[in-house]
């Protein structure tokens, strides 16, 4: 009888562990969805502003001072205010991004890549505090997603 009691206790412990793991996974998925939906809303607004070429909306979704740097780690970071950002925005959005498709190298401007990308999932793009899409970076600033940095190949 004591042996049978120990077996049930052990199985009960395993069942308890399985239930706890289930709730941990469910909570993790729920947290991802909440964080993802916040970025998804931001991306939809940002993408639409780019499509509409709505520079006022893009400014509103951008954190200042905005950082621009080259693609090399040794390139200096430039901090831009709103006016300086307006002067460089067209170069940022028009820069060509080179990437392989099959055995060919293809080049498309950032603007076109943004048009083609209707959604970004956080697990594919970065962590829950920042997201990188090609040469653009986005971060949470004061609880809001913002366009904070760009890498400019020149």
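For the reader, a short list of remarks on this structure follows.
- One residue stands out in the range 112-122 among those that are in a helix (DSSP H, G or I) and surrounded by 12 or more Cβ atoms within 10 Å (Cβ to Cβ): the one that is modelled with the lowest pLDDT, namely 122.
- Within the range 38-56, not a single residue is under 20 Å from residue 115 (Cα atoms), touching a residue at least 24 places away in the same chain (Cβ under 8 Å) and in a loop (DSSP other than H, G, I, E, B).
- Filtered residue count, the range 63-76, keeping only those that are closer than 21 Å to residue 145 by Cβ and either free of Cβ contacts under 8 Å to residues at least 40 places away in the same chain or surrounded by fewer than 10 Cβ atoms within 10 Å (Cβ to Cβ) (or both): 2
- Scan of the range 87-111 for residues that are loosely packed, with under 15 Cβ neighbours inside 10 Å and either under 17 Å from residue 61 (Cα atoms) or without any contact (Cβ under 8 Å) to a residue 12 or more places away in the chain (or both), ordered by number: 87, 90, 98, 99, 100, 101, 102, 103, 104, 105, 106, 107
The values are calculated or read from the model by the stated rules, or taken from the named source; none is laboratory data. Here the structure is a predicted model, which means the values were calculated and not measured. Methodologically, a virtual Cβ is constructed for each residue, glycine included, from the backbone with ideal geometry; neighbour enumeration extends over all protein chains shown.
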